[in-house]
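Structure, as structure tokens:
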Amino acid sequence: MKSKTVAILESRTGEHLAALVSGRGGVPMLAPALEELPDVDAEELVRLLRDWRADPFVMAIFQTGVGTRALFEATDALGSTSELLDLLGRALVVVRGPKPLGALNARGVRIDLRAAQPFTTDTVLAAIGATRLEGSRVLVQRYGEANQRLGEGLRRRGAKVQEIGTYRWALPADVTPLERLIEALACSRVDAVVFTSAVQVRNLYAVAERLGRSDELAGLLNATLVASIGPVCSAALTQRGVRPTLEANPPKLGALMSALEAALGAAA
């Protein structure tokens, strides 16, 4: 990467990504754009478990590793994990990608269906396409916000959708690094920006709007190399008028870093 400045908006694995950039000769600029806040209501979870005993879900869809782990940590605290495992053992268990798969494997949960790469809402719906859902209760582990397209797709097939959230997305308490990133973009001091989730795009724009610079942000980003982790992230960028220079294939950090290194090398 030859001393190229690479902005990283990832929060949870931002330090890891920074180390990967540094190891390839680049200069990482950490600007976390997302904070995951716990959002488990213990009383609500007790009520849900009681409800599920009376009317069990026939399918459970897990979308994220962090949310799956948070759900089990909540039932651990309640002493109800064995009950949740029993309910899952009698349901069809679906995973969106490798992260919830790993979290469920750690709990000994049988996996029935897996979404194909690139692990999008469409591939989740395709994975369950042959399953009859009319009149059936489907549990959806929600990530930081409701997945409206997934819910709508399930309801169109007659499912009774019940979402359970264990965390929510927010802007970091300190947005100074994001403000500095926008200023660095305006001064042409950034060679590449790495986006690893669609919410990062939205939050970066929220900070730019506070600064009165949202109208120019697409142009600033398009003047750099924009790296996207996958199609959902790319769609969020495109909707804002930002042209992703590259998209990881498969949508994983290793592939993203390899593609970024090659693109920066070609641009040198």
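The values are calculated or read from the model by the stated rules, or taken from the named source; none is laboratory data. What you see is a predicted model; the values in this text were computed from it and never measured. Positions of Cβ are backbone-derived with ideal geometry, glycine not excepted, and every protein chain shown enters the neighbour counts.
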Original post:
Across segment 54-85, which residue is surrounded by the most Cβ atoms within 10 Å (Cβ to Cβ) among those that are touching a residue at least 24 places away in the same chain (Cβ under 8 Å) and part of a loop (DSSP other than H, G, I, E, B)?
Top reply: Phe57
Subject >> Enumeration of residues in segment 165-182 that are among the hydrophobic types (A, V, I, L, M, F, W, C) and within 11 Å of Val207 (Cα to Cα) >> reply: Leu171, Val175, Leu178, Leu181, Ile182
Original post:
If you go through segment 165-186 one residue at a time, how many are farther than 18 Å from Ile8 by Cβ and out of contact with any Pro (no Cβ under 8 Å at 6 or more places or on another chain)?
Top reply: 5
**OP:** Answer with yes or no whether Met1 is assigned to a strand (DSSP E or B) and surrounded by 20 or more Cβ atoms within 10 Å (Cβ to Cβ).
**Re:** no
**OP:** Scan (1) surrounded by fewer than 15 Cβ atoms within 10 Å (Cβ to Cβ); (2) not in a helix (DSSP H, G or I) for the single condition Ile164 breaks and write down its number.
**Re:** (1)
Original post:
When you scan segment 86-125, how many residues do you find that are in a helix (DSSP H, G or I), farther than 30 Å from Cys233 by Cα and touching a helix residue (DSSP H, G or I) at 6+ places or on another chain (Cβ under 9 Å)?
Top reply: 2
Subject >> Count of residues meeting criterion [more than 22 Å from Trp169 (Cα to Cα) and in contact with a helix residue (DSSP H, G or I) (Cβ under 7 Å, 6 or more places away or on another chain)] in segment 38-56 >> reply: 4
Subject >> Odd one out for Glu43, checked against (1) in the same structural domain as Arg137 (by TED's automatic domain parsing); (2) free of Cβ contacts under 8 Å to residues at least 60 places away in the same chain; (3) surrounded by 19 or more Cβ atoms within 10 Å (Cβ to Cβ) >> reply: (3)
Original post:
Which is of a type in the set (A, V, I, L, M), surrounded by fewer than 20 Cβ atoms within 10 Å (Cβ to Cβ) and under 19 Å from the mean Cα position of the chain (by Cα), of Ala170, Ala263?
Top reply: Ala170
Original post:
Filtering segment 191-213 down to residues that are hydrophobic (A, V, I, L, M, F, W, C) and within 17 Å of the chain's Cα centre (by Cα), which residue is nearest to Thr5 (Cα to Cα)?
Top reply: Val194
Subject >> Scan of segment 220-262 for residues that are more than 24 Å from Lys99 (Cβ to Cβ), small (Gly, Ala, Ser) and in contact with a helix residue (DSSP H, G or I) (Cβ under 7 Å, 6 or more places away or on another chain), ordered by number >> reply: Gly241
Original post:
Taking only pairs six or more apart or across chains, which ones have beta-carbon atoms under 9 Å, a first residue in segment 255-266 that is at pLDDT below 95, and a second residue that is surrounded by fewer than 16 Cβ atoms within 10 Å (Cβ to Cβ) and acidic (Asp, Glu)?
Top reply: none
Original post:
Is one or more of the residues making up segment 30-49 in contact with a Lys or Arg (Cβ under 9 Å, 6 or more places away or on another chain), among the small types (Gly, Ala, Ser) and modelled with pLDDT of 95 or more?
Top reply: yes
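Per-residue answers, yes or no, for (1) under 19 Å from the mean Cα position of the chain (by Cα); (2) in the same structural domain as Ile164 (by TED's automatic domain parsing); (3) within 24 Å of Lys160 (Cα to Cα):
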residue: Leu48; (1), (2), (3): no, yes, yes
residue: Arg53; (1), (2), (3): no, yes, yes
residue: Ile61; (1), (2), (3): yes, yes, yes
residue: Gly67; (1), (2), (3): yes, yes, yes
residue: Gly79; (1), (2), (3): no, yes, no
residue: Ser82; (1), (2), (3): no, yes, no
Subject >> Considering residues of segment 196-246 that are under 26 Å from Arg168 (Cα atoms) and of a type in the set (Lys, Arg) only, the residue surrounded by the most Cβ atoms within 10 Å (Cβ to Cβ) >> reply: Arg202
Subject >> Check on Cys233, without any contact (Cβ under 8 Å) to a residue 40 or more places away in the chain, over 21 Å from Tyr143 (Cβ atoms) and not acidic (Asp, Glu) >> reply: no
